[in-house]
Amino acid sequence: MRMLELGTEPHELERCLHESRKPLISAGAKADNLPKGLRQQAEFVESLSLKAEELVCSWFRKNADFSTCEDAGAAAEKLFAEPDCSDRTVWRAVLRAFFLRDRPPSVALWLSGAAAHKR
């Protein structure tokens, strides 16, 4: 959830959900009443099926500007070293790797650990 909260630009996730609402519903997501607030939106995205999650990833691939992101592998290494990191540039780089499906091994390892920790 921190990746979505700290890695997105202001209102970026809200815009994504709003613009993807109908396709999300078609993919089985309960998106009739979209959540308000970044934390609730992040929780909503985390609860999506893989099919619906891919719609969010696709929106970010088309609409988000990741041109200033640092190396995702180095960002993941920083998150291993500093789990409480709040550096938005670090989270943005990992978010980019997640959404673009361009995951260096350290990012994939970090994401698998984050998923295991979430459960």
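The values are calculated or read from the model by the stated rules, or taken from the named source; none is laboratory data. The structure displayed is predicted, hence computed values, not measured ones. Ideal geometry is used to build each Cβ from the backbone, glycine not excepted, and the neighbour counts take in all protein chains shown. Ligands, DNA and RNA are excluded from the accessible area calculation, which covers all protein heavy atoms including side chains. Shrake-Rupley method; radii C 1.70, N 1.55, O 1.52, S 1.80 Å.
Mind checking whether some residue in the stretch 91-103 is at pLDDT 90 or above, open to solvent by 40 Å² or more (accessible area, probe 1.4 Å) and in a helix (DSSP H, G or I)? Yes, the conditions are met somewhere in the stretch 91-103.
Against the numbered list (1) exposed (fewer than 14 other Cβ atoms within 10 Å of the Cβ); (2) assigned to a helix (DSSP H, G or I); (3) touching a residue at least 60 places away in the same chain (Cβ under 8 Å), SER86 comes up short only at (2). Flag set for LYS22, criterion: open to solvent by 30 Å² or more (accessible area, probe 1.4 Å) and more than 17 Å from LEU95 (Cα to Cα).
For the stretch 30-53, a tally of residues being more than 20 Å from ASP87 (Cβ to Cβ), open to solvent by less than 80 Å² (accessible area, probe 1.4 Å) and either touching a residue at least 24 places away in the same chain (Cβ under 8 Å) or polar (S, T, N, Q) (or both) returns 7.
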